[in-house]
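Input: a single structure, listed below in structure tokens.
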Amino acid sequence: MKYLVIPLLLALLIGRPGSAAAGDSPAANASGLTLEGKTIYARQCSRCHGFNMNNNGLLGLDLRKFPKDGRDRFVNAVRKGKPPKMPPWGDVLSVNDIEALWAYVIAGSTQ
């Protein structure tokens, strides 16, 4: 009997599989998506838009000033590019990657 108590207590403390844990909250998911977006941004976007979106006069648009209600415009620009300066990234980045980038951009946006 005592060997059964420990797994039961652990199950109560950890939660049932499929139940919402603290890390599954909408805020935690948004935070995770933003962090993922920051990683993708550093790898794919910082060359032109600046490290941490700090443009400092580089080629690309200062994304800190991108309007928070401009999601469709952002997604379209990332997928199809903005000739002649910005190449299309639709074949490189997945839909989830672009959503993570958007989460990062709006988290750092001043608009």
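Within region 63-92, the set of residues being of a type in the set (A, V, I, L, M, F, W, C) and either in contact with a helix residue (DSSP H, G or I) (Cβ under 6 Å, 6 or more places away or on another chain) or closer than 22 Å to Ser109 by Cα (or both) comprises Leu63, Phe66, Phe74, Val75, Ala77, Val78, Met86, Trp89.
Hey, among the residues in region 91-111 that are modelled with pLDDT of 95 or more and not in a helix (DSSP H, G or I), which one's surrounded by the fewest Cβ atoms within 10 Å (Cβ to Cβ)? Filtering first and then ranking leaves Asp91.
Of the residues making up region 9-29, not a single one is surrounded by 10 or more Cβ atoms within 10 Å (Cβ to Cβ), at pLDDT 95 or above, assigned to a helix (DSSP H, G or I) and among the small types (Gly, Ala, Ser). As a summary of the residue check, Asp72 satisfies the conditions (1) under 16 Å from Tyr41 (Cα atoms); (2) part of a helix (DSSP H, G or I); (3) of a type outside the set (Gly, Ala, Ser) except for the one numbered (1).
The values are calculated or read from the model by the stated rules, or taken from the named source; none is laboratory data. Everything numeric in this text was worked out from a predicted model, so none of it was measured. Reconstructed Cβ throughout: ideal geometry from the backbone, glycine too, with neighbour counts over all protein chains shown.
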